[in-house]
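To start, the structure itself, in structure tokens.
Throughout, read-outs are computed from the coordinates displayed, never taken from laboratory work. Fair warning: this is a prediction, and the values are worked out from it, not measured in the lab. Reconstructed Cβ throughout: ideal geometry from the backbone, glycine too, with neighbour counts over all protein chains shown.
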Amino acid sequence: MKRKPILFLPTLVVMIVLGSCGLISEAVPDVDTKISNTYQITINSSDPSGMFTTSFIEIQDNPDFAEYDEYITGYAINKITYEIIKYNAPEDLYFSGSVLAYDKDSITVVNVGEISSVNLLEISNLEGASEVPADTEATEQIVSWLDDPGTFNFSFTYDFENQDGTPYVFSQEEFGSSFSLKATLYLALLTGI
């Protein structure tokens, strides 16, 4: 019986192509990475509100970006978290605030999410970080800035409060109180493969 080599070769080629596509997608999956910044605040006045220093984020500075640059086709923001560390301030101090993102030139501003009133001491005693519920349109705007020009600015505004939501007024003895807020943006580098 004669074999038909013509049918065998195309089948083999199709199997190799399909198999290699699977190998490529396994070799370069989407990459989860984090961008973290720590903001220090020292209380030196009785002013109950303010803003943390703005951080300039450049995606090309991310080590995962450098490693997978040739495969990246886009980005997705998975979540935003914050944690209070090195807490040395009044035990009855509450805090609320907003997560803000700005374009490269700080002209366009989006409110990414809100932190509802929390006791800072309690948050600092938690193991791990607390998640900020993120606004979908704002995160989409950040993704578009990551696509072009690859940068954006990031900051937190804050209000110090009493438990009942009224503004907290610091006494002279409380000046010098301090803590740090660590903010983390969980980002997926999409490979599209």
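Among 117-126, 45-54, 137-146, sorting by the average number of other beta carbon atoms lying within 10 angstrom of each residue, highest first, gives 137-146, 117-126, 45-54.
If you bin all the Cα-Cα distances of the stretch 29-190 at 5 Å, starting from zero, the percentages per bin are 2, 8, 18, 21, 17, 13, 10, 6, 3, 1, 0, 0. Measuring between their Cα centroids, the stretch 35-51 and the stretch 72-135 lie 12 Å from each other.
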